[in-house]
1. Checking residue 354 against (1) farther than 20 Å from residue 82 by Cβ; (2) in contact with a strand residue (DSSP E or B) (Cβ under 9 Å, 6 or more places away or on another chain); (3) modelled with pLDDT of 95 or more: exactly one of these is not met. Which one?
2. In the list 164, 191, which residue meets the criterion of being out of contact with any strand residue (DSSP E or B) (no Cβ under 6 Å at 6 or more places or on another chain), at pLDDT 95 or above and either surrounded by fewer than 24 Cβ atoms within 10 Å (Cβ to Cβ) or more than 27 Å from residue 143 (Cα to Cα) (or both)?
3. If I filter the stretch 124-161 down to residues being in a helix (DSSP H, G or I) and in contact with a strand residue (DSSP E or B) (Cβ under 8 Å, 6 or more places away or on another chain), which single residue comes out as nearest to residue 106 (Cα to Cα)?
4. Quick one: which of 240, 215, 290, 202 is at pLDDT 95 or above, touching a helix residue (DSSP H, G or I) at 6+ places or on another chain (Cβ under 7 Å) and closer than 21 Å to residue 29 by Cβ?
5. Among all residue pairs at least 6 apart or on different chains, which show Cβ distances below 7 Å where the first residue, located in the stretch 273-289, is without any contact (Cβ under 8 Å) to a residue 24 or more places away in the chain and the second is in a loop (DSSP other than H, G, I, E, B) and surrounded by fewer than 23 Cβ atoms within 10 Å (Cβ to Cβ)?
6. Report yes if residue 114 is under 20 Å from the mean Cα position of the chain (by Cα) and surrounded by fewer than 20 Cβ atoms within 10 Å (Cβ to Cβ), otherwise no.
7. I'd like the residue in the stretch 20-46 that is assigned to a loop (DSSP other than H, G, I, E, B) and farther than 17 Å from residue 327 by Cβ and, out of all such residues, is farthest from the chain's Cα centre (by Cα).
8. Looking at (1) within 26 Å of residue 74 (Cβ to Cβ); (2) modelled with pLDDT under 95; (3) surrounded by 17 or more Cβ atoms within 10 Å (Cβ to Cβ), which one does residue 159 not meet, given that it meets all the others?
């Protein structure tokens, strides 16, 4: 039985969009399941937020993490780029440190710097002091998702969370870092503390994912922003089991799971092996090469270079069309960026990319040809 035709969400609520049919046949979900719809689905990482003037106006006087925990605000911010750009999915507006904050970690977003912790976690004693996440603390997240799903209709909402390594990197470093040296050192100098920390992070972020899915998200994406700093050996031995633990919190819900990291060309097969359905690919490796490294049978998402969003349109257009063509090496493809939307991006450029993707005759004709010929990769 193909992924596309299987029974969706046997453990999901009866009014979930994948169960009642609102999103189960959407372009995005079809592509995530390994089908190739006639129109190429597209959305952008960080599509909600800093690049939109309506977002900046809405956020005046409200701190970042407060906005994430206000259901009305988080829902409205999530919906803004869907209305403006006509993308094929919303991604829930939040931050990867929100589950840490909800679990009692003293963390804040410092403008111009990023997440900063009052007390870094560097010893087993520090880890032991971390509290489990109370399910009741996730109520603002569930309400924000439910509000958004009610407005989106047939457009799927993607839930998201940070992977255990990236959360641990922030926890150990105490804030952003260029090389995550303290985290990588703890991994080897105190493996017991490391394992305990990543177990805690996996369960916190897994609960965060599950709350979003049960509230109506039709897919989830696990972001491992800093995992590209690791060797394959360290990833497989010291990180992958905990990423697998994180997604185990939603594995019974039969929803598509996307995995994305930055600088992960060498890690792609190992990241896929934790049990995800779709691999997000950054802009450092062409999609056809990524597909080859993954064995040719994995749906891909990506990978427009964000730096080219400020290039002249003919340059960007040629690049986007090249990405689309290389994406044909995979059984299915969701067009996206190779990382997030830069804050200075002209929003009209993103809209123009969506229009290009949705109107790309070469993509549509090829998809029709595959179906006509019974291409098993797209069955």
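1. Condition not satisfied by residue 354: (1).
2. Working: 164 fails: either surrounded by fewer than 24 Cβ atoms within 10 Å (Cβ to Cβ) or more than 27 Å from residue 143 (Cα to Cα) (or both).
Going through 164, 191 in turn, just one is out of contact with any strand residue (DSSP E or B) (no Cβ under 6 Å at 6 or more places or on another chain), at pLDDT 95 or above and either surrounded by fewer than 24 Cβ atoms within 10 Å (Cβ to Cβ) or more than 27 Å from residue 143 (Cα to Cα) (or both): 191.
3. So in the stretch 124-161, the residues in a helix (DSSP H, G or I) come out as 124-128, 135-152.
Within this subset, residues satisfying the condition of being in contact with a strand residue (DSSP E or B) (Cβ under 8 Å, 6 or more places away or on another chain) are 145, 148-149, 152.
Numbers: 145: 24, 148: 28, 149: 30, 152: 33 Å.
Ranking the qualifying residues of the stretch 124-161, first place goes to 145.
4. Numbers: 240 fails: closer than 21 Å to residue 29 by Cβ; 290 fails: closer than 21 Å to residue 29 by Cβ; 202 fails: closer than 21 Å to residue 29 by Cβ.
Being at pLDDT 95 or above, touching a helix residue (DSSP H, G or I) at 6+ places or on another chain (Cβ under 7 Å) and closer than 21 Å to residue 29 by Cβ holds for just one of 240, 215, 290, 202, which is 215.
5. Filtered contacts from the stretch 273-289: 279/294; 279/298; 285/265.
6. Numbers: under 20 Å from the mean Cα position of the chain (by Cα): yes; surrounded by fewer than 20 Cβ atoms within 10 Å (Cβ to Cβ): yes.
The answer is yes for residue 114.
7. Start the filter on the stretch 20-46 by keeping residues that are assigned to a loop (DSSP other than H, G, I, E, B), which leaves 21-26, 33-41, 43-46.
Applying the additional criterion that residues be farther than 17 Å from residue 327 by Cβ yields 21-26, 46.
Numbers: 21: 23, 22: 21, 23: 18, 24: 19, 25: 20, 26: 18, 46: 10 Å.
Applying the filter and picking the extreme gives 21.
8. (2)
The values are calculated or read from the model by the stated rules, or taken from the named source; none is laboratory data. For clarity, every value in this text was computed on a predicted model and none was experimentally measured. Cβ coordinates were reconstructed from backbone atoms using ideal geometry, including for glycine residues, and neighbour counts include every protein chain displayed.
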